[in-house]
Amino acid sequence: MIKIKNICCIGAGYVGGPTMTVIADKCPHINVTVVDLNKERIAAWNDENLDNLPVYEPGLDQVVARARGRNLFFSTNVDEAIANADMIFISVNTPTKTYGKGKGLAADLKYVELCARQIAAVATTDKIIVEKSTLPVRTAETILTIVENTGNGVNYQILSNPEFLAEGTAIEDLFHPDRVLIGGDTSTPAGKEAIQALVDIYAAWIPRERILTTNVWSSELSKLTANAFLAQRVSSINSISELCEVTGADVGELARAIGTDSRIGPKFLKASVGFGGSCFQKDILNLVYIAKSYGLDKVADYWEQVIIMNDHQKQRFSDNIVKTLFNTVSGKKIVFFGWAFKKDTNDTRESAAIYVADHLLDEHANIVVFDPKVSEENMHNDLAYLNSRDADANKTLLKKSNDPYQAVKDAHAIAILTDWDEFKTYDWEKIYGLMKKPAFIFDGRKILDKAAMKSIGFEIFSLGTSVQ
């Protein structure tokens, strides 16, 4: 039986940081070291002021406070952490490729390969390597090929342990998960022993019946499939929202009606300006690429439509702003409430706000953004990644405000792009008084009472409802 005493996690981002923090909290007998080459990120994890943690998640600061310095450590000394570890989690970024074969679809595995090569170069004792990053099916085979061909006599076992966290509720998800999935080599005693070692870690706080074990390929593909199914539901309800707008139906009432069907269920049936985040689009594109690589073109076409609908929803939202504002937004001040892809996180990856802003900036709009957790620098970096215009133009046309009431002064319209709860509590009569008239609201998250806003005097567009 393998007893894990030291864990190393390579990657101190949105997955590695919170996951390792909770493992350290629940397993005080195990030393957990999270390593990253980004010195600023590690410094932020070690900052005495817990408000400066690089990842914002409700409750994360409290868990870090309990475990950090006891058995939880953050370091840039990657080699030392690898050498001392019995189990190594790989939790690095796997973005969609922007070059070469598979550009725009396949996952870029260069960081994963670099991790494997570094482990192989440093390890002198047997290691269990755990894939925590979202990876294409059969990546474990690649990792094993790399580490086993170094000739240093070290024995390796590769496990797949995909994360199923929802940002904004990640700590609660880690404490009380629907399931933990562990895939490994189920055909050999050594493989089964490695699987059990990871099972024993999670069993410290998670009921055994919620810890599922499979072969490694099923585990890898399960992560992609889960995200694809969730994104599919979002695109499905968003497609119906457009139909509701022209027929007089209300997508909220419709979602409630179909969500009470036990075969369908109510989750992920909230119409919005589109899904975002680090996983949904990337994982579906990866699934499309895998299907195409095996010649399964119809399968690829099916899943690609989920992305097409999501892009369409963002485009039509921005198009509607232009159309409603008398077919021009040139020189007009439009305020975004929210930039993060969802509430209770500072993650902006693939946020709908980025693309809506990009479309409106093409129309020469002036955008002011209020988001309680996202910096102006982050916003400009998001736009720069699209490479639609030079950086100076983005900085000139898009600014951040630190006060929502100051932001809306003399604005022509407000677009709600993130579902932060605080937006519901604002003094909307005061906001109306500060704006140019007619004052427009484009509620891309369906968080406001449409009738109440109209009674104040706003012209309001709410996704999935008639314009009347």
Inset, instruction - Step through the residues of segment 247-254 one at a time and calculate ³J(HN,Hα) from phi using the Karplus curve (6.51 cos²θ - 1.76 cosθ + 1.60, θ = phi - 60°), rounding each to whole Hz and writing x for Gly and Pro. - result: 9, x, 6, 10, 5, x, 5, 5
Inset, instruction - With everything on Cα atoms, drop me the angle between helix 16-26 and the longest principal axis of the chain, reported from 0 to 90° to the nearest 10. - result: 60 degrees
Inset, instruction - Could you tally the net charge around Val216, taking each other residue with its Cβ under 10 Å from the Cβ of Val216, Lys/Arg +1 and Asp/Glu -1? - result: -3
Inset, instruction - Quick one: compute the contact order of the chain, relative version, from alpha carbon pairs under 8 angstrom and 6+ residues apart, as a percent. - result: 12 percent
Inset, instruction - Return the aspartates and glutamates within reach of Lys3: Cα separation strictly under 12 angstrom, same-chain partners fewer than 8 residues apart disregarded; answer none if there are no such residues. - result: Asp86, Glu193, Asp200
Inset, instruction - Please work out the Cα center distance from segment 375-421 to segment 1-51, rounded to the nearest Å. - result: 33 Å
Legend entry - Net charge of Cβ neighbours under 15 Å - reference Thr76; Lys, Arg +1; Asp, Glu -1: -3
Legend entry - the chain: angle of helix 376-386 to the longest principal axis, Cα-based, in degrees nearest 10: 80 degrees
Inset, instruction - Considering Cα pairs under 8 angstrom that are at least six residues apart, work out the relative contact order of segment 173-253 and quote it in whole percent. - result: 30 percent
Legend entry - Cβ-based net charge around Gly259, under 15 Å, with every Lys or Arg adding one and every Asp or Glu removing one: +3
Legend entry - Value at 222 nm in deg cm²/dmol, rounded to 500, when DSSP H runs of n ≥ 4 in the chain each add -39,500 (n - 2.57): -13500 deg cm²/dmol
Legend entry - Length-normalised contact order for segment 303-416 - Cα pairs under 8 Å, 6+ apart - percent: 31 percent
Inset, instruction - With a cut-off of at most 13 other beta carbons within 10 Å, and DSSP calling the residue loop, which trypsin sites (Lys or Arg not before Pro) in segment 28-113 qualify? Please list them. - result: Arg70, Lys101, Lys103
Legend entry - Between helix 110-122 and the chain: long-axis angle, C-alpha atoms, 0 to 90°, nearest 10: 20 degrees
Inset, instruction - Using the structure shown, list the pairs from Lys192/Lys282; Lys267/Lys454; Lys323/Lys343; Lys342/Lys400; Lys332/Lys395; Lys333/Lys409 with a Cα-Cα distance above 20 Å, or answer none. - result: Lys192/Lys282; Lys267/Lys454; Lys323/Lys343
Legend entry - For peptides 283-290, 162-169, sequence by mean Cβ density within 10 Å, most packed first: 283-290, 162-169
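The numbers here are math on the coordinates, done by the rules we state, and not lab data. What you see is a predicted model; the values in this text were computed from it and never measured. Using ideal geometry, Cβ is built from the backbone for each residue, glycine included, and neighbour counts are taken over all protein chains shown.
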